[in-house]
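The values are calculated or read from the model by the stated rules, or taken from the named source; none is laboratory data. Keep in mind it's a predicted model, so treat the numbers as computed, not measured. Neighbour counts are summed over all protein chains in view; Cβ atoms, including those assigned to glycine, are modelled from backbone coordinates with ideal geometry.
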Amino acid sequence: MLLMLQRGLPAWENTNAQGKELSNNMKIDPEKCNGCGLCVRDCPLRIVRLESKKAVIGEGCVACQTCFKVCPRQAVIELQTPIPGSTMCGKCPVACQIPEGQTGACRRFENQQGDLLRTRPLLTYQDVAASLAPEARLEIKPPLITAIGAGGTYPDCVPAPYIVTDRRNGVDVVTVVTEAPLSYSSIKVKIDTDLAVGPEGAPVKFEGRTVGMVETEEYGSKILCIGGVNRLTGKAGFAAARAVAAIANREAIELTVKGGANLEIQVGKAPVVNKKRIARMRVGCGSATAGLFARFFEQAADEVIVLDSHITSLFTHHTAGQFLGKKPSGLRLTYRLSTPGRYFGNHGDGWGGTDIQDPLDIIASIDKNLTAPGATLLITETTGERFAMFRLNREWRFEPMEMSDAARTAIQAISETCQESLVTALFVGGVGGSARAGVVKYPLRLTRAVHSQRAVLTCGGAPVFVLPGGGITFYVDVQQVQKGAFTWVPTPATVVPVEYTMLVEDYETMGGHIEAMKPFAALAPLGYRHVGPD
């Protein structure tokens with residue numbers, strides 16, 4: 001077992017270095033401790049310290065087990081005795097034992113005479129309104145025209161190709177548009193799959209050339225970053241620009257991850273990983289699945305294991321199973337324990353994106369005193385695509401059995417809750433550079449106006465999220481931009497339709513190209529033509 005019950009405790013386990021008696025249930029074995037200090041740095045309550053090059057747990061321990069989990073020498077031991085006067089917190093899987101007058105590891109809840117109360121008051125919208133970003137005026141939220149088909153501004157010092165005015169709700173509005181070549185651009189690709197595609201940081205190749213990297217995983221998706229200024233200006237810059245434009249235009253494209261998977265992706269379509277079409281996105285990690293479907297699992301089997309590469313769950317040990325009064329089984333899993341009933345998984349091409357090919361391989365041991373022959377076990381993925389049911393025989397081995405009706409109901413509930421797997425993408429563009437000269441004579445004023453919502457930036461008419469801080473860097477969902485709106489030029493750079501919309505009076509203050517403004521009604525003589533549905 002990972003948590004060790006000690007008998008005949010030596011004196012060091014009940015006292016600190018000065019011999020003061022402590023009321024903690026986490027202790028340090030000085031014979032094993034080498035004073036590395038990891039527990040000191042990671043203790044969320046800062047109560048672990050070094051004395052004579054040995055770690056000592058001070059007063060106020062809440063048994064969060066952080067020290068136990070980070071210790072490389074297994075010098076931390078849980079005594080498995082309740083902390084006197086403590087109340088167990090059930091607000092997260094850590095289950096801190098919080099003494100009177102103290103907070104748990106997260107510092108959110110304090111034990112006040114046995115009641116766990118939030119350490120800060122509930123805030124209304126009015127309490128936080130002052131810190132929120134200002135809202136843009138309704139008159140300037142949609143652009144008068146888009147930059148799709150507008151052409152570009154070159155050299156940068158000449159006015160943008162279209163600077164159009166119109167009157168809305170009694171005020172004069174102007175939209176300035178240009179198709180801007182952006183070297184400072186990339187695209188974040190979200191691939192809904194629990195299959196491993198490659199380690200974080202692994203190069204992503206397009207037609208054999210590196211154009212990006214595996215960035216991270218979020219929820220049930222893998223995130224790739226393609227492009228960026230260093231790749232666009234590097235040896236494979238043309239390939240990177242082509243890849244960014246193709247993905248943004250929702251074209252089908254094939255990528256390979258070094259040391260990982262082959263990917264066939266197209267925004268708005270299901271991903272194909274190593275020639276396998278991914279139909280379902282997982283409903284959540286294994287722990288989330290245990291919580292979401294606890295009522296179904298309660299009836300499905302004596303024990304349920306949800307295999308997942310992030311968190312694999314063991315239901316009767318999990319908080320959800322305990323809440324329903326399930327007696328913990330004697331099963332112990334091969335993965336590393338996180339918190340009761342939750343295990344850190346391994347990545348692979350097996351069940352639930354783990355390295356488990358045979359689902360029974362997840363079981364490390366069975367405590368015969370806690371699990372008797374005849375006990376049933378349901379093992380499933382978070383998508384419910386693969387599942388199996390077993391019964392423990394008299395030789396203490398699990399053998400396959402027919403799915404019970406309750407187990408099938410549980411799997412059906414998981415399947416129905418899973419979303420369709422998709423490839424989606426956010427284009428990232430930096431427009432804080434020289435292209436601003438085609439909009440205004442004083443570029444910093446435009447930057448400040450965009451951040452203060454006095455000027456609204458859009459991309460092909462689609463709303464964007466402008467990153468805080470310096471410059472103008474934005475994210476846009478490419479599915480909201482018309483197909484074919486992006487292209488590239490062999491500088492190399494991605495060419496992107498961008499629009500700035502604001503009040504005419506604010507545009508004048510920024511040093512806008514007032515002399516180049518044209519009324520919306522005059523667009524037809526300028527070459528505008530309506531190409532959409534009537």
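Tell me whether region 367-374 contains one or more residues that are surrounded by fewer than 24 Cβ atoms within 10 Å (Cβ to Cβ) and closer than 28 Å to GLU416 by Cα. No, the conditions are met nowhere in region 367-374. Checked against (1) in contact (Cβ under 8 Å) with a residue 12 or more places away in the chain; (2) of a type in the set (A, V, I, L, M, F, W, C); (3) within 20 Å of VAL495 (Cβ to Cβ), MET213 meets all criteria but (3). Taken over region 270-317, the criterion of being among the basic types (Lys, Arg) and either buried (at least 19 other Cβ atoms within 10 Å of the Cβ) or assigned to a helix (DSSP H, G or I) (or both) is satisfied by ARG280, ARG282, ARG295.
Residue count for region 99-140 under the criterion of being exposed (fewer than 14 other Cβ atoms within 10 Å of the Cβ), part of a loop (DSSP other than H, G, I, E, B) and of a type outside the set (Asp, Glu): the result is 13. The numbered conditions (1) closer than 26 Å to ILE47 by Cβ; (2) in contact with an Asp or Glu (Cβ under 7 Å, 6 or more places away or on another chain) are all true for THR81 except (2). Exactly one residue out of ARG529, ARG448 is among the basic types (Lys, Arg), modelled with pLDDT of 95 or more and loosely packed, with under 15 Cβ neighbours inside 10 Å, and it is ARG448.
Looking across VAL267, VAL283, VAL244, one residue alone is modelled with pLDDT of 95 or more, hydrophobic (A, V, I, L, M, F, W, C) and under 23 Å from ALA196 (Cβ atoms). It is VAL267.
Pairing residues of region 402-417 that are surrounded by 16 or more Cβ atoms within 10 Å (Cβ to Cβ) with residues that are of a type outside the set (A, V, I, L, M, F, W, C) and outside any helix (DSSP H, G or I), at Cβ distances under 6 Å and at least 6 apart in sequence or on separate chains, gives ILE411/GLY384; ILE414/GLY384. Taken together, the criteria exclude GLU420 from residues that are touching a Gly at 6+ places or on another chain (Cβ under 9 Å), surrounded by fewer than 19 Cβ atoms within 10 Å (Cβ to Cβ), at negative phi and of a type in the set (D, E, K, R). Scanning region 51-64 for residues that are without any contact (Cβ under 8 Å) to a residue 24 or more places away in the chain and part of a loop (DSSP other than H, G, I, E, B) turns up at least one hit.
Suppose the filter is surrounded by fewer than 23 Cβ atoms within 10 Å (Cβ to Cβ), at pLDDT 95 or above and not in a loop (DSSP other than H, G, I, E, B); does ASP361 pass it? For ASP361, the condition - surrounded by fewer than 23 Cβ atoms within 10 Å (Cβ to Cβ), at pLDDT 95 or above and not in a loop (DSSP other than H, G, I, E, B) - is met.
Quick check, is GLY227 buried (at least 22 other Cβ atoms within 10 Å of the Cβ), outside the structural domain of TYR475 (by TED's automatic domain parsing), at positive phi and touching a helix residue (DSSP H, G or I) at 6+ places or on another chain (Cβ under 7 Å)?
Taking the combined requirement at face value, the residue satisfies it.
Here region 483-503 is the region considered, the condition is being crowded, with 16+ Cβ neighbours inside 10 Å and assigned to a loop (DSSP other than H, G, I, E, B), and the residue that is modelled with the lowest pLDDT is PRO492. Against the definition (under 28 Å from the mean Cα position of the chain (by Cα) and hydroxyl-bearing (Ser, Thr, Tyr)), how does THR501 come out, yes or no? Judged against the criteria, THR501 is not a match. Within region 79-98, the set of residues being assigned to a strand (DSSP E or B) and buried (at least 19 other Cβ atoms within 10 Å of the Cβ) comprises SER86, THR87, GLN97, ILE98.
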